[in-house]
Amino acid sequence: MEKKVLFVVYQSPVGSIWVNEGFRTAFGMYGEDIEPAVMLIDAATVALSKDTKPESLGLLPIKIVQRFIKRYETPVYAVKEDLEKYNVKNVDEEYGAQFINKDELSDFFHQYDLVIFM
Amino acid sequence: MALVLVKYGINHPVEKLKIESAKEGDSIVLIQDGVYWNLQDLSSLTKANVYILKEDFFARGYKEDEAKYSLIDYDSFVELIEKEEKFIG
């Protein structure tokens, strides 16, 4: 039976590798009996801004994940309140992100067999 | 029901979220620095069953009578892992 796995990333994409790693891990799950999804919360939500560019500091770019999101149709989620908290306005639609209210998180997490914070 | 694993302390950005996400009937296990959540009153955050990994609790200098929640050993922890269908951690 296919297992639903959610990777939750909470660290900023500028200065940490975890946004890229979250997506890379999810993409690596295809081919197994696993249905992966990625959620960005807290400081990781700034990854969704069109204007976030870690590469401007010589770090790994994050937008390289977008073509794989499209290829694999990986669901991407973020928390509405965290977008507001970090003032993320210019959301890059290439992520195809869906937004969840914080008070819906408990039910949302319980839809998955595994929720991995990373 | 879900097993919720809390391994970082009270200042970590997401552990409170995990605890709040637990539902009644879920099992929260405090391990490693997660045992410091014993210093907080978790009843306002969750209705889930809370357990503390005994070895990690004692290793940080706490005594059995300081535990607000059930102390469990590794064998009981493994039983919980096997019992719970879902995992958040």
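Filtered by the rule that a residue be part of a loop (DSSP other than H, G, I, E, B) and either under 16 Å from A:Ile69 (Cα atoms) or within 14 Å of chain B (Cβ to nearest Cβ) (or both), segment A:1-38 gives A:Met1, A:Tyr10, A:Gln11, A:Ser12, A:Ser16, A:Gly28, A:Met29, A:Gly31. Yes or no: segment B:14-30 includes at least one residue that is open to solvent by 30 Å² or more (accessible area, probe 1.4 Å) and among the aliphatic types (A, V, I, L, M). No, every residue in segment B:14-30 fails to be open to solvent by 30 Å² or more (accessible area, probe 1.4 Å) and among the aliphatic types (A, V, I, L, M). Check whether at least one residue in segment A:57-72 is surrounded by 15 or more Cβ atoms within 10 Å (Cβ to Cβ) and in contact with a strand residue (DSSP E or B) (Cβ under 7 Å, 6 or more places away or on another chain), and report yes or no. Among the residues of segment A:57-72, at least one is surrounded by 15 or more Cβ atoms within 10 Å (Cβ to Cβ) and in contact with a strand residue (DSSP E or B) (Cβ under 7 Å, 6 or more places away or on another chain), which makes the answer yes. For A:Asp51, the conditions (1) part of a helix (DSSP H, G or I); (2) surrounded by fewer than 21 Cβ atoms within 10 Å (Cβ to Cβ); (3) of a type outside the set (Ser, Thr, Tyr) all hold with the exception of (1).
If you go through segment A:15-24, how many residues are at pLDDT 95 or above and open to solvent by 10 Å² or more (accessible area, probe 1.4 Å)? Full working, then the answer.
So the first thing to find is which residues in segment A:15-24 are at pLDDT 95 or above, and the list is A:18-24.
Remaining after also requiring open to solvent by 10 Å² or more (accessible area, probe 1.4 Å): A:18, A:20-21, A:24.
Going through segment A:15-24 one residue at a time, the tally reaches 4.
The residue that is farthest from the other protein chains (Cβ to nearest Cβ), counting only those in segment B:31-86 that are buried (at least 17 other Cβ atoms within 10 Å of the Cβ) and β-branched (Val, Ile, Thr), is B:Ile72.
For first residues located in segment B:40-53 and in contact (Cβ under 8 Å) with a residue 12 or more places away in the chain, partners that are among the polar types (S, T, N, Q) and open to solvent by less than 10 Å² (accessible area, probe 1.4 Å) and lie 6+ apart or on another chain with Cβ distances below 7 Å form the pairs B:Ala48/B:Ser27; B:Asn49/B:Ser27; B:Tyr51/B:Ser27; B:Ile52/B:Asn38.
Please work out which residue is farthest from the other protein chains (Cβ to nearest Cβ), limiting yourself to segment A:62-118 and to residues that are part of a helix (DSSP H, G or I) and of a type in the set (Phe, Trp, Tyr). Outline the logic, then answer.
Filtering segment A:62-118 for residues part of a helix (DSSP H, G or I) gives A:63-72, A:80-85, A:93-95, A:102-109.
Now drop any that are not of a type in the set (Phe, Trp, Tyr), which leaves A:68, A:72, A:95, A:108-109.
Numbers: A:Phe68: 25, A:Tyr72: 23, A:Tyr95: 21, A:Phe108: 9, A:Phe109: 5 Å.
Of everything passing the filter in segment A:62-118, A:Phe68 is farthest from the other protein chains (Cβ to nearest Cβ).
The values are calculated or read from the model by the stated rules, or taken from the named source; none is laboratory data. Computed from a prediction, not measured in an experiment: that's the story for all the values here. Note that we place each Cβ from the backbone using ideal geometry, even for glycine, and neighbour counts take in every protein chain shown. The area values use the complete protein model at the heavy-atom level, side chains included, leaving out ligands, DNA and RNA. Shrake-Rupley method; radii C 1.70, N 1.55, O 1.52, S 1.80 Å.
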